[in-house]
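Participant: Quick one: the structure is below, questions incoming.
The values are calculated or read from the model by the stated rules, or taken from the named source; none is laboratory data. As the structure is a prediction and not an experimental result, all values here were calculated from the model. For neighbour counting, all protein chains shown are included, and Cβ atoms are generated from backbone atoms with ideal geometry for every residue, glycine included.
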Amino acid sequence: MPTAILALAVLSGCGGNPAPGAPATEKTSATADSQAKSRQIASVRADCMKQKGFTYIANVSAPRQIGEEERKQDSGDYAAMKKWREKNGYGVFAFYVYPQEFANPMVEPEGDAPKNINPNNKIQMSLSETQRAAYNDADRTCYQRAVKEATGKKVDSITDHYEQANARSEQLITRELDGDPRLVELAASMGNCLKDKGYPIGSTKPSALADRGRLKFDTEKKPLGERIPESMLKKMDVSEGARWEPNLTADQARPYLARETKDALDDLECGKDFYPVFTPKQIELQQRAYQEFGL
C-alpha cells in the first residue's frame, strides 16, 4: 500500500468525531451535516455508476466511536498522552509493532473479519483487468460529480479530495493557531526545553512544533519502502517518487519504535503546558475542514 494512500485511509476515520471544544448541540449538528454529505456523495455516485452500466453499492461508514481515554488524549491530558506514548511513540513504527491494534492492512486480521468492509472491493476484484480499468474510469467521473453536488468542491479523485481537505485543515490551523499569542509563548518555551535536551528545532511555530516528532520518524520510515514503478504511478493516482508502505516485521520495527518512544516522551514532557491548549483546538479545526469537504 503506498504511504500516501495508507495515510488517507487512516485519516478518513477521523472525520466523524465531534470536536472536543464545541458545545454538545454544535457537535451533534456538525457530525450530522458531515454524515448527510457523505450519504449524498455515496448516493449520487451509485446512481451515476448505474447510468454508466456499472454496479456500485452506496457505502457510508458510521462515525468512529471514541472512548474516554482517547477523549482525554484529544484534550491534551498529560497522563493519558504519556500512557499512549510510552507504548506507541507518535504512532509511526507502532503501526508495525502492533499491527492488529493499528489495523495494518499488510497483516492478516485476527479473529472475525472486520465488519466495515467496503462491498465495492469485491465487485472490482471480480472484474477482468480491462473491465476494472473501465470501472475505475467511470467511478472517478462519478466521484467528481458526487462531491461537487454534495459539497460544491471540485476534486479530481478520492486522493485529491483528501489532499484538499488536509490542505484546508493546515490553512485553518496556520491562520488561527500559529498567530495565537498564548500558543506562541507556550511553543517557544517547549522549543527551548527540547533544545536543552539536544533536539534540533527547525521552527517554533505551534503547528510545526506539534508535528515535529511525527514528521521526523515518518521521514525516517519512508525510504524503507520500495519505490513504486513509474508505470504504476498514474494508475494508482500517486505522485512521482512515491513509495510502497514498508513491509516491516514487528522485530524489525522495534528498534525504531524504541527511539521514537524516547523522543515522544521528551516531547511530551517539554510540551505538557502546550498540548492542553493546542490539541483540542487543532482537532476542532481538522474536523471543521473535513466536515466542509463531506468527509
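Participant: Just to be sure I understand the filter: pairs with C-beta atoms under 7 Å, separated by 6 or more residues or on different chains, first member in the stretch 260-276 and polar (S, T, N, Q), second member assigned to a helix (DSSP H, G or I). Which pairs pass?
Facilitator: 261/85; 261/86
Participant: Determine the pairs where a residue that is within 25 Å of residue 286 (Cβ to Cβ), located within the stretch 31-50, has a partner that is assigned to a helix (DSSP H, G or I) and among the hydrophobic types (A, V, I, L, M, F, W, C) with Cβ atoms under 7 Å apart, the partner being 6 or more residues away or on another chain.
Facilitator: Once the first residue is within 25 Å of residue 286 (Cβ to Cβ) and sits in the stretch 31-50, its partners that are assigned to a helix (DSSP H, G or I) and among the hydrophobic types (A, V, I, L, M, F, W, C) give 37/150; 40/150; 41/146; 41/147; 41/150; 45/142; 45/146.
Participant: Residue 55 fails exactly one of the following numbered conditions: (1) of a type in the set (Val, Ile, Thr); (2) surrounded by fewer than 16 Cβ atoms within 10 Å (Cβ to Cβ); (3) closer than 18 Å to residue 161 by Cβ. What is the number of that condition?
Facilitator: The single condition residue 55 does not satisfy is (3).
Participant: Another one. Can you tell me which of (1) in contact with a Ser or Thr (Cβ under 6 Å, 6 or more places away or on another chain); (2) at pLDDT below 90 is the one residue 59 doesn't meet?
Facilitator: (1)
Participant: Anything in the stretch 139-194 that is assigned to a helix (DSSP H, G or I), out of contact with any Cys (no Cβ under 9 Å at 6 or more places or on another chain) and among the basic types (Lys, Arg)? List them, or say none.
Facilitator: Taking the stretch 139-194 as the starting set, the residues that turn out to be assigned to a helix (DSSP H, G or I) are 139-151, 158-176, 181-194.
Still in the list and also out of contact with any Cys (no Cβ under 9 Å at 6 or more places or on another chain): 140, 144, 147-151, 158-176, 181-188.
Those that are assigned to a helix (DSSP H, G or I), out of contact with any Cys (no Cβ under 9 Å at 6 or more places or on another chain) and among the basic types (Lys, Arg): 140, 148, 168, 175, 182.
Participant: From the residues in the stretch 216-249 that are loosely packed, with under 14 Cβ neighbours inside 10 Å and more than 19 Å from residue 159 (Cα to Cα), which one is modelled with the lowest pLDDT?
Facilitator: The qualifying residue modelled with the lowest pLDDT is 226.
Participant: Out of the residues in the stretch 160-202 meeting the condition of being within 30 Å of residue 141 (Cα to Cα) and either among the hydrophobic types (A, V, I, L, M, F, W, C) or more than 26 Å from the chain's Cα centre (by Cα) (or both), tell me which one is surrounded by the fewest Cβ atoms within 10 Å (Cβ to Cβ). If you could, list the steps in order and put the result at the bottom.
Facilitator: We begin by selecting, within the stretch 160-202, every residue within 30 Å of residue 141 (Cα to Cα); these are 160-172.
If we keep only those that are either among the hydrophobic types (A, V, I, L, M, F, W, C) or more than 26 Å from the chain's Cα centre (by Cα) (or both) too, we end up with 165, 167, 172.
Numbers: 165: 25, 167: 11, 172: 18.
For the stretch 160-202, the residue satisfying everything is 167.
Participant: So, one more: Can you name the residue in the stretch 78-115 that is within 17 Å of residue 255 (Cβ to Cβ) and part of a loop (DSSP other than H, G, I, E, B) and is also modelled with the lowest pLDDT among such residues?
Facilitator: Filtering the stretch 78-115 for residues that are within 17 Å of residue 255 (Cβ to Cβ) and part of a loop (DSSP other than H, G, I, E, B), the one modelled with the lowest pLDDT comes out as 99.
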